[in-house]
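Enquirer: Before we start, here is the structure in question, set down as structure tokens.
The values are calculated or read from the model by the stated rules, or taken from the named source; none is laboratory data. Just so we're clear, the structure is a prediction, and the values are computed from it rather than from any experiment. Every residue, glycine as well, gets a Cβ built from its backbone with ideal geometry; the counts of neighbours run over all protein chains shown. Accessible surface areas use protein heavy atoms only, side chains included; no ligands, DNA or RNA. Shrake-Rupley method; radii C 1.70, N 1.55, O 1.52, S 1.80 Å.
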Amino acid sequence: MTLDEYERHLLGHLCWWCHHATHRSSARQRQCPGCRAKWSYHRRKTEWELLRAFAFSTTAHHAARVVRCSYPTAHAAYTRFRLTLQAMTDEEKRPLLGALELDESYFGGKRKGKRGRGAAGKVAVFGILERAGRVYTVAVPNCQKETLMAKIEAATVKGSVFYTDEFASYQDLKRHGKHVPIDHQETFGIGAAHINGIEGFWSFAKRLYRHVHGVEPGNFPLYLAEYEFRYNHRGEHLMTLLYDRLIRDAVPTRNQP
Ligand SMILES: [Zn+2]
């Protein structure tokens, strides 16, 4: 489908479920003459505009002003979009193999005080980047050896090549494959011995996260899944990927017989 067809679809000129051309049954309501599904034109239009704002990484707060809906409406739509991306991210997960870059990073928390590893009020995230493919992320309670090794063994194929920094939690990696620890001072930028790929992902994700204020710790994985999906599909059109899925999952409301 072209973007123009998507728009006709979403605005209700075409039925989501049977693709029948529709007419307006009242000023606000539309009903499909084919399958009798009903929807509100106004709500569809708002949803379409919010979807476009989300695809362009606009905050829900800003989107509410541009689309002229309430903040709770925009926030609810954004949460629905993020849940959908999280489901799609989970479905795409498969064991990672080949040349892999491993690293941990911290999101959120106050800027003052301790930075980096073990900083208070921050969420620890562990990431693996497959050089030939995609990134995998997971929020972790801590970055101890046992915690990280369990994630690595679950997400990667044994015998892969693991590029890491010299953090002690990675010292058992040779059990699981070839381990290449990188001394940032000595080998920075030489040949394949680097973790520039995963570091690029952290700056990508943090640029987006900087605009988000006050995420409940329990909701953080939802944002992380969004960044992972956006990164893994950065050459594609997020709006159409998300829209295809939203239509697939939509449940029609119909007149009672
Ligand atoms: Zn229909």
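Enquirer: Considering only region 43-61, I want to know if a residue exists there that is without any contact (Cβ under 8 Å) to a residue 24 or more places away in the chain, more than 14 Å from the ligand (Cβ to nearest atom), over 23 Å from Tyr231 (Cα atoms) and among the small types (Gly, Ala, Ser).
Expert: No; the residues of region 43-61 include none that is without any contact (Cβ under 8 Å) to a residue 24 or more places away in the chain, more than 14 Å from the ligand (Cβ to nearest atom), over 23 Å from Tyr231 (Cα atoms) and among the small types (Gly, Ala, Ser).
Enquirer: Do we find a residue being open to solvent by less than 70 Å² (accessible area, probe 1.4 Å), in contact with a Gly (Cβ under 7 Å, 6 or more places away or on another chain) and more than 16 Å from the ligand (Cβ to nearest atom) anywhere in region 68-80?
Expert: no
Enquirer: A follow-up question, please. His19 fails exactly one of the following numbered conditions: (1) open to solvent by 50 Å² or more (accessible area, probe 1.4 Å); (2) more than 8 Å from the ligand (Cβ to nearest atom); (3) closer than 17 Å to Thr253 by Cα. What is the number of that condition?
Expert: Result: His19 passes all but (2).
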